[in-house]
Amino acid sequence: MTPVRTVRLTAVLCWTLAACASPATTDEPAAAGTSGTEPVMLAVAPTTTWRELHIDGTTDLPDGAVVSYRVTHALANELPPSEWPAQNLMADGTAVVLEGRYGARLNTTYWPEGSVRVEVQYPVAAQPPDISNRYGAFGEQLTGDNVTAFGASKVATASHTLEWPR
């Protein structure tokens with residue numbers, strides 16, 4: 001077979017397969033962002049009450065989405081763990097979105113004065129299937145001002161640094 005005939009045969013075969021293929025169907029309604037991108041807003045505004053840190057934030061992620069948080073006291077980055085004045089200078093966890101809000105509470109009884117950084121990210125934790133389908137298992141479909149690409153995955157991040165009173 002000559003190269004020209006091979007190319008023509010390949011083109012005809014591809015066209016035939018494409019014409020005969022039927023689109024995938026699903027019983028689920030089309031999710032928002034079927035264009036392949038989903039803008040997401042994620043914000044955090046931590047507050048304090050006596051010996052407790054409140055990690056409160058807002059987002060336009062749907063109910064049931066899981067955000068991950070990490071809290072780090074400046075001393076955790078400055079001193080080796082064996083010299084920390086307390087064992088809880090770093091904490092992490094998850095919070096579930098409900099009606100555009102999420103929150104968590106941390107006991108900070110033994111924290112000394114100093115700078116504290118609160119960072120919230122989506123999607124670090126496992127997500128419910130409908131949310132994972134909408135945004136991608138690794139956030140591949142996320143867009144927005146606070147979205148960063150890490151290879152093929154994307155992460156929305158919000159952070160806030162505050163001075164911890166004693």
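The values are calculated or read from the model by the stated rules, or taken from the named source; none is laboratory data. Everything numeric here is computed off the predicted structure, so don't read it as measured data. Glycine gets a Cβ as well: all are built from the backbone with ideal geometry, and neighbour counts include every protein chain shown.
Quick notes
- Qualifying residue in the stretch 62-78 (condition: at pLDDT below 95, exposed (fewer than 12 other Cβ atoms within 10 Å of the Cβ) and of a type in the set (Val, Ile, Thr)): no
- Failed item in (1) modelled with pLDDT of 80 or more; (2) surrounded by 12 or more Cβ atoms within 10 Å (Cβ to Cβ); (3) not hydrophobic (A, V, I, L, M, F, W, C), with Gly33 passing the rest: (1)
- Between Val97, Val124, the distinction of being in contact with a Gly (Cβ under 7 Å, 6 or more places away or on another chain), of a type outside the set (Gly, Ala, Ser) and over 17 Å from Glu52 (Cβ atoms) belongs to Val97 only.
- Residues that are assigned to a strand (DSSP E or B) and surrounded by 13 or more Cβ atoms within 10 Å (Cβ to Cβ), drawn from the stretch 38-50: Glu38, Pro39, Leu42, Ala43, Val44, Thr48
- The number of residues in the stretch 116-136 being without any contact (Cβ under 8 Å) to a residue 60 or more places away in the chain and exposed (fewer than 14 other Cβ atoms within 10 Å of the Cβ) comes to 1.
- Hey, Arg166 charged (D, E, K, R) and at pLDDT 95 or above or not: no
- Number of the condition not met by Trp111 [criteria: (1) over 28 Å from Gly139 (Cα atoms); (2) surrounded by fewer than 20 Cβ atoms within 10 Å (Cβ to Cβ)]: (2)
- Scanning the stretch 72-97 for residues being in a strand (DSSP E or B) and either within 16 Å of Pro123 (Cα to Cα) or touching a Leu at 6+ places or on another chain (Cβ under 6 Å) (or both) gives a total of 7.
- Here is the figure for the stretch 137-156: residues that are touching a Phe, Trp or Tyr at 6+ places or on another chain (Cβ under 8 Å) and either hydrophobic (A, V, I, L, M, F, W, C) or in contact (Cβ under 8 Å) with a residue 24 or more places away in the chain (or both) total 5.
- Test: Leu53 is surrounded by 13 or more Cβ atoms within 10 Å (Cβ to Cβ), more than 13 Å from the chain's Cα centre (by Cα), at pLDDT 90 or above and not in a loop (DSSP other than H, G, I, E, B): yes
- Pairs where the first residue, in the stretch 79-103, is more than 15 Å from Glu119 (Cα to Cα) and surrounded by 13 or more Cβ atoms within 10 Å (Cβ to Cβ) and the second is modelled with pLDDT of 95 or more and among the small types (Gly, Ala, Ser), C-beta under 6 Å, 6+ apart: Val97/Ala65
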